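S.K.: Structure provided below as structure tokens; questions to follow.
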Amino acid sequence: MRPIASGVWQLHSARGCNVYAVEIDNCELAIVDCGFSISDGIISEVAEIRAENRLGDVTYILVTHRHRDHVGGLRDLHHYFPQARIVVGREDCVFDEDNVAWVGENQVTIVVPGEMGLVTRLTTSLRALSLPGHTMGSLAYISEKSGVTFTGDTIISHKNALARPLKFLNENDTLYIKSLSVLAGFATDVAAPGHGYVIQNSFIKRLSELAAQPRKRMNPVEAYRIIRGLIAFVKLRRRRNAQEADY
């Protein structure tokens, strides 16, 4: 498979969000997000990356935030790679009576504190950056080895422009807007977003410009159109999930 940057590959079999494999220390791999579900295609892609590049085990599963299009496949992914540590932001976890952290049915191995702009070093070359706003436990991951920032849903990348999630999709839009400027202070110039195109250059400059733009008031017709589209998308995903369950 052809990398999108040195030591970074996009798994094209993923559905729901962009899923990436990234080489970390000791020739090991981390997987960023999981999509709605894990298919044999994703596992085959990971196996191909490992074989072609003489890489070892998948030792980290890096969750950018708890939305289902990013964590729906987490249980199955961890089944394939049970040795992998699952990393999630604290505010996106549920804690049981024994103070064990969970995301859905998945026990979280590494809980990242949620203070805005807090950096948690996971390995020598891999950092987690806390960016509450889209969800209160949202994280970006920065690979110093590859020079790539994995943004989750902090931004959406269209072919020729960056965009923000709609205001009503953010748990705290005020914090979310602040998180853009915070991310710009830590990011690399190559970015791998949760949705859309990989940004190959000038990400910091473009992100700073996006952060400076005020929110535009959405007219009711546009809001209605977007909500209808989201409802149709959810219904489509439910039908496909039901079909997959029948096989």
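Here, each number is a calculation from the coordinates, and none is a lab measurement. All values reported here derive from a predicted model rather than from experimental measurement. Note that each Cβ is placed from the backbone with ideal geometry, even for glycine, and that neighbours are counted across all protein chains shown.
S.K.: Place a label point 7 angstrom from the Cα of Asn172 along the Cα-to-Cβ direction, then list the residues of region 49-81 whose backbone nitrogen is under 16 Å away.
M.R.: Under 16 Å, as judged by backbone N against the label point of Asn172, lie 66 of region 49-81.
S.K.: Match the structure shown to one of the listed values [x] 20.4; [y] 23.4; [z] 18.4 of Kirkwood radius over Cα pairs in Å, computed from it, and give that label.
M.R.: [z]
S.K.: Another question, then. What does the charge count near Gly104 come to, summing +1 for each Lys or Arg and -1 for each Asp or Glu among other residues with Cβ under 12 Å from its Cβ?
M.R.: Residues near Gly104 contribute 0 overall.
S.K.: For the chain, modelled as a Gaussian network with Cα springs under 10 Å, which listed residue fluctuates most, Lys159, Lys178, Lys167?
M.R.: The residue with the greatest mean-square fluctuation here is Lys159.
S.K.: To make sure I understand the rule: partners must be aspartates and glutamates, Cα under 20 Å from the Cα of Lys178, and not fewer than 8 residues away in the same chain. Which ones qualify?
M.R.: Straight-distance partners of Lys178: Glu91, Asp92, Glu115, Asp153, Asp189, Glu209.
S.K.: For region 1-62, what are the per-bin percents of Cα-Cα distances with bins 10 Å wide, up to the bin holding the maximum?
M.R.: Binned Cα distances yield the sequence 24, 62, 14, 0.
S.K.: Ranked highest first by the average count of other Cβ atoms within 10 Å around their residues, in what order do 99-110, 30-41, 68-79 fall?
M.R.: Going from most to least packed, we get 30-41, 68-79, 99-110.
S.K.: Further question on the same structure: If you take every DSSP beta bridge fully contained in the chain, what fraction is antiparallel? Give it as a percent rounded to 5.
M.R.: Restricted to the chain, the bridges split so that about 65 percent are antiparallel.
S.K.: For region 112-197, take the alpha-carbon Rg, divide it by the Kirkwood Rh, and send me Rg/Rh.
M.R.: Ratio of gyration radius to Kirkwood radius for region 112-197: 0.95.
S.K.: Quote to one decimal, in nm, the extra length available between Glu52 and Glu144 on full extension: 0.36 nm per residue of separation minus the C-alpha distance between them.
M.R.: 30.9 nm
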